[in-house]
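**Q** My questions will all concern the structure given below.
The values are calculated or read from the model by the stated rules, or taken from the named source; none is laboratory data. These figures come from a predicted structure and were not determined experimentally. For neighbour counting, all protein chains shown are included, and Cβ atoms are generated from backbone atoms with ideal geometry for every residue, glycine included. The accessibility values were calculated without ligands, DNA or RNA, using every heavy atom of the protein model including side chains. Shrake-Rupley method; radii C 1.70, N 1.55, O 1.52, S 1.80 Å.
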Amino acid sequence: MAYSEKVMDHFANPRNVGEMPDADGIGEVGNSKCGDIMKMYIKVEDDIITDVSFKTFGCGAAIATSSMATELVKGKPISEALQLTNKAVMEALDGLPPVKVHCSVLAEQAIKAALSDYYTKKGIDPEPIVGKATDCDECHFHN
Ligand code: FES
């Protein structure tokens, strides 16, 4: 299966790239098998994700899924961002080849990791809100 035009577009022109010095939450996840690392930064005001950016050291699909994930949560309430699944990211990109599905899982996990960090920084236990650190065997959080 070839990459969709949307994947190629988000890989070639990724949206919301870069570090965010004044981020309210930073999440970093990595995949131990491929070694790729994804870092997400969020800015939150009144439970709305007002800004989001990412830095990904990884494959093209990891860059495209990070880019799409930032677009899908930008300006959205946290409650909606928490429901973002890797499947939704893939659908928004018109699909991914099966061997690249794990890249989209990384994007979902990176958003959740950033939200966990946001709550932790506020002194709130993130687990009841965001869920367990990870439910994907291949992905793991870096702390
Ligand atoms: Fe690892 Fe894509 S090959 S995230």
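**Q** Determine, yes or no, whether Asp9 is over 15 Å from Ala110 (Cβ atoms), more than 16 Å from the ligand (Cβ to nearest atom), part of a helix (DSSP H, G or I) and modelled with pLDDT of 95 or more.
**A** yes
**Q** Within the stretch 85-103, does at least one residue satisfy the condition of being closer than 20 Å to Gly25 by Cβ, not in a helix (DSSP H, G or I) and not acidic (Asp, Glu)?
**A** yes
**Q** While we're on this one: So for the stretch 57-65 (the condition being within 10 Å of the chain's Cα centre (by Cα), outside any strand (DSSP E or B), within 14 Å of Val105 (Cβ to Cβ) and away from the ligand (no atom under 16 Å from the Cβ)), does at least one residue qualify?
**A** no
**Q** Give me the residue from the stretch 23-45 that is assigned to a strand (DSSP E or B) and within 10 Å of the ligand (Cβ to nearest atom) and, out of that set, modelled with the lowest pLDDT.
**A** Among them, the one singled out is Asn31.
**Q** OK, next. Only one of Asp137, Asp51 is modelled with pLDDT of 95 or more and acidic (Asp, Glu); which?
**A** Asp51
**Q** A further question follows. Of the numbered conditions (1) out of contact with any His (no Cβ under 9 Å at 6 or more places or on another chain); (2) buried (at least 18 other Cβ atoms within 10 Å of the Cβ); (3) within 18 Å of Val89 (Cα to Cα), Met20 satisfies every one except a single condition; which is it?
**A** Evaluating Met20 over (1) out of contact with any His (no Cβ under 9 Å at 6 or more places or on another chain); (2) buried (at least 18 other Cβ atoms within 10 Å of the Cβ); (3) within 18 Å of Val89 (Cα to Cα) leaves (3) as the failure.
**Q** For residues that are among the charged types (D, E, K, R) and either over 21 Å from Lys6 (Cβ atoms) or not in a helix (DSSP H, G or I) (or both), tally how many sit in the stretch 66-79.
**A** Qualifying residue count, the stretch 66-79: 2.
**Q** Which ones in the stretch 74-131 are open to solvent by 50 Å² or more (accessible area, probe 1.4 Å), touching a residue at least 40 places away in the same chain (Cβ under 8 Å) and over 25 Å from Asp9 (Cβ atoms)?
**A** Lys121, Ile129, listed by residue number.
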